[in-house]
Amino acid sequence: MFIPGVTSDMMGLIVDYAYTRDADVSADNIERLLPAADQFHVLGLLKRCCDFLAAWIDVDNCIGIRNFARAYFCGSLERVANRSVCRSRDYNSLAVGGGGGFQ
């Protein structure tokens, strides 16, 4: 079966989570796993993804994570990212430099 926008490895993680309430959320899969969890309304996994990103926010990625959170209506993650943006001493360089990626 083919499900648009969801790879077999992401679907495997979602199925594993459904059975075990555990999933390997990592920097390597977060940008694919969070949208898949959102698509299938797997709220526990979605929260786990948001918590992972919230713990990973820093000055270099806060704008990118904020934009990602907005795209998937992750309000609590967006608020955490906004606080990071506001705490940044050099907001202008973040805005001009992009800050778009998670790396």
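The values are calculated or read from the model by the stated rules, or taken from the named source; none is laboratory data. A quick note: this is a predicted structure, and the numbers were derived from the prediction, not measured. Cβ coordinates were reconstructed from backbone atoms using ideal geometry, including for glycine residues, and neighbour counts include every protein chain displayed.
Testing residue 50 on (1) assigned to a helix (DSSP H, G or I); (2) modelled with pLDDT under 95, one condition comes back false. Which one is that?
In the conditions (1) assigned to a helix (DSSP H, G or I); (2) modelled with pLDDT under 95, residue 50 misses (2) alone.
Table: residues versus (1) in the same structural domain as residue 77 (by TED's automatic domain parsing); (2) basic (Lys, Arg).
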position	(1), (2)
2	no, no
7	no, no
12	no, no
22	no, no
27	no, no
32	no, yes
37	no, no
45	no, no
61	yes, no
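Restricting to region 5-42, what's the tally of residues that are free of Cβ contacts under 8 Å to residues at least 12 places away in the same chain and of a type outside the set (Gly, Ala, Ser)?
Count: 8.
One line per residue, one yes/no per condition, for (1) over 18 Å from residue 73 (Cβ atoms); (2) in contact with a His (Cβ under 9 Å, 6 or more places away or on another chain); (3) part of a helix (DSSP H, G or I); (4) modelled with pLDDT under 95:
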| position | (1), (2), (3), (4) |
| --- | --- |
| 13 | yes, no, yes, no |
| 25 | yes, no, no, no |
| 28 | yes, no, no, no |
| 44 | no, no, yes, no |
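Sort out which residues of region 28-82 are over 16 Å from residue 10 (Cα atoms), of a type in the set (Asp, Glu) and surrounded by fewer than 18 Cβ atoms within 10 Å (Cβ to Cβ), and write them in order of number.
51, 58, 60 - these are the residues of region 28-82 that are over 16 Å from residue 10 (Cα atoms), of a type in the set (Asp, Glu) and surrounded by fewer than 18 Cβ atoms within 10 Å (Cβ to Cβ).
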